[in-house]
Every structure is written in structure tokens, then in C-alpha cells.
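Trainee: Here's a structure for you.
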Amino acid sequence: MALIAPSLLSANFLTLQKDCDMLNSSQADWFHLDVMDGRFVPNISFGPMIIKFIASTTTKFCDVHLMIEEPEHYAEAFKDAGANSLTVHFEACKHLHRNIQQIKSLGMKAGVAINPHTPVYFLKDILADIDLVCVMSVNPGFGGQSFIPHTILKIQQLREMINEQLLNVKIEVDGGITLANAKSVIEAGADVLVAGNTVFKSTDPIATIAALKQI
Ligand code: DX5
Ligand code: ZN
């Protein structure tokens, strides 16, 4: 059974409290919060101020996905806002090890996200230092895109690497997750499924989360 992390990027920000309440009353395990800077990705979303409001509504784990350059300038602000984990992008960090150390020293779980074109073996020498790998199954920047099938192979390879090194690192898969493809993603080795549009654009989000949970 995978953990389900609905992405609030697809929520209605005019009635955000309602969507947070819905998630709180659902079987969702984590809140997935997508931060975009308009530089690393071609879109701008929200930052620590909005996350502080969202985090104040829940006791669930707040999983913050930073699609930003120079995340070191903001790690403390996200911690103060209520982030339980910070995931930075491999492609956005010149000194990834330093970023990971900073996140851990602030008392948060540390994750690394990889874009669809980044091979999983690039993580070999950081894997033992992190808690989570976020395998992007779409190009980051927008919700509602289609799952890139090649990602399945990457999840399988990463699962092998983690098992070989006897590590306790979670594999999160982010982008284009649906009720139709979730099973193959879990079978490939995923521990956490992020779902934006599949949850928030469904007619019954609570039932959709329950259905994802049951896979
Ligand atoms: C994309 C974000 C995702 C996105 C997922 O850049 O990182 O978390 O919100 O949305 P869906 O599930 O709609 O692809
Ligand atoms: Zn995300």
C-alpha cells in the first residue's frame, strides 16, 4: 500500500480551507506542496507564506517540493512555515550535498527530485544521505500533464539501487498519476504517489484518494 500525497497545486486557492479540510477528512497521508520560482521551471506558484496557512490546517506530513534555484536561501523560511520535508532538484543544486546537510540540520527530512531526463545513477553518491527521491514522471512546472512511460524503468532501477545499499529511502513518483497507471508505478517500486489533477478534478476527491490507497 503506497502513501498518497495529493498536490495542492490543483486545489482551488479561492476556497483553499475547504480543500485542506477535505484532505484532512480523507485517507491522504501527506500534503504535497509545489513551490515554483519561474526560473528553474516556467511557472510561479506559491511560497512560505501560503504554506504557513496550509500547514496550520493540518497535522498531516507537509512534503514541500522545491522547484527553485538556490534553495539554500529559503530552507529556513520553509521550516518556519511548517514543512516536514524539503525536496530540492538535482538539476537546480550546484552543491547538492550542502543543501541536504542544511535541510537536515534544520530538522526536516531531505529529498532529491530528478527530472525525466536525469538518470537515477546520478544519485549513487547522495542516496545514503537522503530520506526520499522524487522521481518526476512529467517535466516539472504544471499539473495535469501525461505520465512519461519511461519513468517506470527509472523507478525499477532506483528500487534496485536502494535495496542493494540496504537503505531506507522512499521513492516518490510525481506527475500524471491516475487510477489507471498507479498499479504499475507501485509494482515498479514506488512508496509515495503524488496526485494533483486525479484527486482535485475528480467528482469525489475523497473516494478517489480512497481508491488510490487501495491499489
Ligand atoms: C509538477 C508538480 C506536481 C503536480 C502534479 O511540476 O511537481 O506535483 O502538481 O500534478 P498532476 O498529478 O496533475 O500531474
Ligand atoms: Zn510536485
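The values are calculated or read from the model by the stated rules, or taken from the named source; none is laboratory data. This one's a predicted model, so the numbers in the text were calculated from it and none came from an experiment. With ideal geometry, Cβ positions are generated from the backbone for all residues, glycine too; neighbour counts draw on all protein chains shown. Surface areas here come from the heavy atoms of the whole protein model, side chains and all, with no ligands, DNA or RNA. Shrake-Rupley method; radii C 1.70, N 1.55, O 1.52, S 1.80 Å.
Trainee: Hey, can you tell me all the residues within the stretch 47-59 that are surrounded by fewer than 17 Cβ atoms within 10 Å (Cβ to Cβ) and either of a type outside the set (S, T, N, Q) or not in a loop (DSSP other than H, G, I, E, B) (or both)? Spell out the reasoning first.
Mentor: As a first pass, look at the stretch 47-59 and keep what is surrounded by fewer than 17 Cβ atoms within 10 Å (Cβ to Cβ): 49-50, 52-53, 56-59.
Answer for the stretch 47-59, where residues must be surrounded by fewer than 17 Cβ atoms within 10 Å (Cβ to Cβ) and either of a type outside the set (S, T, N, Q) or not in a loop (DSSP other than H, G, I, E, B) (or both): MET49, ILE50, LYS52, PHE53.
Trainee: Follow-up question, since we're still on this one. Test LEU193 against the criterion of being within 16 Å of ligand 1 (Cβ to nearest atom) and assigned to a strand (DSSP E or B), and give yes or no. Walk me through it before giving the result.
Mentor: Values: within 16 Å of ligand 1 (Cβ to nearest atom): yes; assigned to a strand (DSSP E or B): yes.
Spelling it out, LEU193 is indeed within 16 Å of ligand 1 (Cβ to nearest atom) and assigned to a strand (DSSP E or B).
Trainee: If a residue has to be surrounded by 21 or more Cβ atoms within 10 Å (Cβ to Cβ) and either in a loop (DSSP other than H, G, I, E, B) or at pLDDT below 95 (or both) to count, how many in the stretch 14-39 make the cut?
Mentor: Going through the stretch 14-39 one residue at a time, the tally reaches 1.
Trainee: Between residues in the stretch 21-36 that are under 17 Å from ILE215 (Cβ atoms) and residues that are among the acidic types (Asp, Glu), which pairs lie under 6 Å by C-beta distance while being six or more apart or on different chains?
Mentor: Qualifying pairs under 6 Å: TRP30/ASP63.
Trainee: If you don't mind, another one. Taking PHE122 as the residue in question, decide whether it is of a type in the set (Phe, Trp, Tyr), without any contact (Cβ under 8 Å) to a residue 60 or more places away in the chain and outside any strand (DSSP E or B). Write out each step before concluding.
Mentor: Working: of a type in the set (Phe, Trp, Tyr): yes; without any contact (Cβ under 8 Å) to a residue 60 or more places away in the chain: yes; outside any strand (DSSP E or B): yes.
Yes; evaluated as a whole, the condition is true for this residue.
Trainee: Moving to a separate point now. Name the residue that is surrounded by the most Cβ atoms within 10 Å (Cβ to Cβ), counting only residues in the stretch 1-13 that are under 20 Å from LEU66 (Cβ atoms) and within 12 Å of ligand 1 (Cβ to nearest atom).
Mentor: Narrowing the stretch 1-13 to residues under 20 Å from LEU66 (Cβ atoms): 3, 5-11, 13.
Checking the rest, the ones that are also within 12 Å of ligand 1 (Cβ to nearest atom) come to 5-11.
Details: ALA5: 30, PRO6: 28, SER7: 24, LEU8: 26, LEU9: 22, SER10: 18, ALA11: 22.
By that ranking, first place goes to ALA5.
Trainee: Restricted to the stretch 112-125, and to residues that are more than 16 Å from ligand 1 (Cβ to nearest atom) and open to solvent by 10 Å² or more (accessible area, probe 1.4 Å), which residue is farthest from ILE148 (Cα to Cα)?
Mentor: For the stretch 112-125, the residue satisfying everything is ASP125.
Trainee: Considering only residues of the stretch 172-191 that are among the β-branched types (Val, Ile, Thr) and open to solvent by 10 Å² or more (accessible area, probe 1.4 Å), which is nearest to THR151 (Cα to Cα)? Working first, answer last.
Mentor: Here is the first cut: in the stretch 172-191, the residues among the β-branched types (Val, Ile, Thr) are 173, 177-178, 185-186.
Right, trim to open to solvent by 10 Å² or more (accessible area, probe 1.4 Å) and you get 178, 186.
Numbers: THR178: 14, ILE186: 12 Å.
For the stretch 172-191, the residue satisfying everything is ILE186.
Trainee: If I go through the stretch 138-169 residue by residue, how many of them are within 14 Å of ligand 2 (Cβ to nearest atom) and either part of a strand (DSSP E or B) or over 26 Å from ARG98 (Cα atoms) (or both)? Steps first, answer last, please.
Mentor: Taking the stretch 138-169 as the starting set, the residues that turn out to be within 14 Å of ligand 2 (Cβ to nearest atom) are 138-145, 147, 151.
Checking the rest, the ones that are also either part of a strand (DSSP E or B) or over 26 Å from ARG98 (Cα atoms) (or both) come to 138, 142-145, 147, 151.
Residues meeting the conditions: 7.
Trainee: Kindly establish whether CYS62 is without any contact (Cβ under 8 Å) to a residue 60 or more places away in the chain, surrounded by 16 or more Cβ atoms within 10 Å (Cβ to Cβ) and assigned to a helix (DSSP H, G or I). Explain how you work it out, then say what you get.
Mentor: Numbers: without any contact (Cβ under 8 Å) to a residue 60 or more places away in the chain: yes; surrounded by 16 or more Cβ atoms within 10 Å (Cβ to Cβ): yes; assigned to a helix (DSSP H, G or I): no.
Judged against the criteria, CYS62 is not a match.
Trainee: What are the residue pairs meeting all of these: first residue in the stretch 185-197, first residue at positive phi, second residue open to solvent by less than 10 Å² (accessible area, probe 1.4 Å) and within 16 Å of ligand 2 (Cβ to nearest atom), Cβ atoms under 6 Å, and 6 or more apart or on different chains?
Mentor: What qualifies is GLY189/ILE155; GLY189/ILE171.
Trainee: ILE206 passes all but one of (1) touching a residue at least 40 places away in the same chain (Cβ under 8 Å); (2) more than 29 Å from LEU106 (Cα to Cα); (3) more than 15 Å from ligand 1 (Cβ to nearest atom); (4) in a loop (DSSP other than H, G, I, E, B); which number fails?
Mentor: Failing condition for ILE206: (4).
Trainee: Another question about this same structure. Inside the stretch 6-46, can you point out the residues that are of a type outside the set (A, V, I, L, M, F, W, C) and in contact with a His (Cβ under 8 Å, 6 or more places away or on another chain)? Please lay out each step first, then the result.
Mentor: Of the stretch 6-46, the ones of a type outside the set (A, V, I, L, M, F, W, C) are 6-7, 10, 12, 15, 17-19, 21, 24-27, 29, 32, 34, 37-39, 42-43, 45.
Selection gives PRO6, SER7, HIS32, ASP34.
Trainee: Moving on. Is it true that some residue in the stretch 152-166 is open to solvent by less than 60 Å² (accessible area, probe 1.4 Å) and within 14 Å of ligand 1 (Cβ to nearest atom)?
Mentor: Step one: filter the stretch 152-166 for residues open to solvent by less than 60 Å² (accessible area, probe 1.4 Å), giving 152, 154-155, 158-159, 161-162.
Then drop every residue that is not within 14 Å of ligand 1 (Cβ to nearest atom), which leaves none.
Checked the stretch 152-166: no residue is open to solvent by less than 60 Å² (accessible area, probe 1.4 Å) and within 14 Å of ligand 1 (Cβ to nearest atom).
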